[in-house]
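Undergrad: Questions regarding the structure given below will be posed in turn.
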């Protein structure tokens, strides 16, 4: 599933392509929105909220989407319409005179009044990449979680924007056991963990992530830990149906 930094970049790309221009094409291939027509509406902004995308229009409506596991939004020049329009997985096509955005394999698509956005994203915790980011509030929510630390980080109601990749990297950087109960972690350590996650995602969107060196633990199963040499392992965190695989160093994160 795309994480907060990928959704942030998607929102920026859509905003750059569509903002300030009226829509000349609106094709929402979603059962509840099949008759909706957004033509003539002007895009005010496209913003991320955790892993959610909010496309705000001057008509007082917001088109909300979520990429889930396989979703994407791609942008082409309107003069060069892509074959992707015809794919059976396309869920939305929005175009201006200059640009065309195609939402493929989207996991969610809703059209609501902008004033009612809270019904879709109001449950989310502080957004790691948003103007509402508050490390103290994120730490407070983590401390109140009944889950293991790794699962608490993945719970978007505690803090919004982390998936398994950056959760694993943040826990490794802080030397914390993903399966340690969140309630047993001292408040200062939870605050430091929240701040670390924030720095990691900020680096990811500003190209400060060193792709040449790669991740410390994510998808490095059985490779030696870059810190101590112990083979990286993986385990299942959380309960079904939200159980996910998390990579960690059994020595550094004991």
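The values are calculated or read from the model by the stated rules, or taken from the named source; none is laboratory data. All of these numbers come straight from a predicted model, not from anything done at the bench. No Cβ is skipped: glycine too gets one built from the backbone with ideal geometry, and neighbour counts run over all protein chains shown.
Undergrad: What residue, of 2, 22, 48, is closer than 13 Å to residue 94 by Cβ and touching a residue at least 60 places away in the same chain (Cβ under 8 Å)?
TA: The match here is 22.
Undergrad: A further question follows. Count, please, the residues in segment 115-146 that happen to be crowded, with 17+ Cβ neighbours inside 10 Å and touching a strand residue (DSSP E or B) at 6+ places or on another chain (Cβ under 8 Å).
TA: Of the residues in that region, 11 qualify.
Undergrad: Looking only at segment 207-222, count how many residues are loosely packed, with under 13 Cβ neighbours inside 10 Å and at pLDDT 85 or above.
TA: Going through segment 207-222 one residue at a time, the tally reaches 2.
Undergrad: Scan 229, 235 and give me the residue that is assigned to a strand (DSSP E or B), at pLDDT 95 or above and farther than 17 Å from residue 166 by Cβ. Walk me through how you get there before you give the answer.
TA: On the way: 229 fails: assigned to a strand (DSSP E or B).
Just one listed residue meets the conditions, 235.
Undergrad: Could I ask something else about it? Output the residues belonging to segment 238-254 that are modelled with pLDDT of 95 or more, in contact with a strand residue (DSSP E or B) (Cβ under 6 Å, 6 or more places away or on another chain) and either under 16 Å from residue 154 (Cβ atoms) or surrounded by 15 or more Cβ atoms within 10 Å (Cβ to Cβ) (or both).
TA: Across segment 238-254, the qualifying residues are 245, 246, 247.
Undergrad: Now for a different question. Condition first: buried (at least 22 other Cβ atoms within 10 Å of the Cβ) and part of a loop (DSSP other than H, G, I, E, B). Now tell me which residues in segment 147-170 satisfy that.
TA: Matches in segment 147-170: 158, 159, 161, 162.
Undergrad: Going by the conditions given, is residue 92 surrounded by 15 or more Cβ atoms within 10 Å (Cβ to Cβ) and touching a strand residue (DSSP E or B) at 6+ places or on another chain (Cβ under 8 Å)?
TA: So residue 92 fits the description; yes.
Undergrad: Condition check: surrounded by 14 or more Cβ atoms within 10 Å (Cβ to Cβ) and either assigned by TED's automatic domain parsing to the domain that holds residue 50 or within 19 Å of residue 141 (Cα to Cα) (or both). Does residue 194 satisfy that?
TA: It is true that residue 194 is surrounded by 14 or more Cβ atoms within 10 Å (Cβ to Cβ) and either assigned by TED's automatic domain parsing to the domain that holds residue 50 or within 19 Å of residue 141 (Cα to Cα) (or both).
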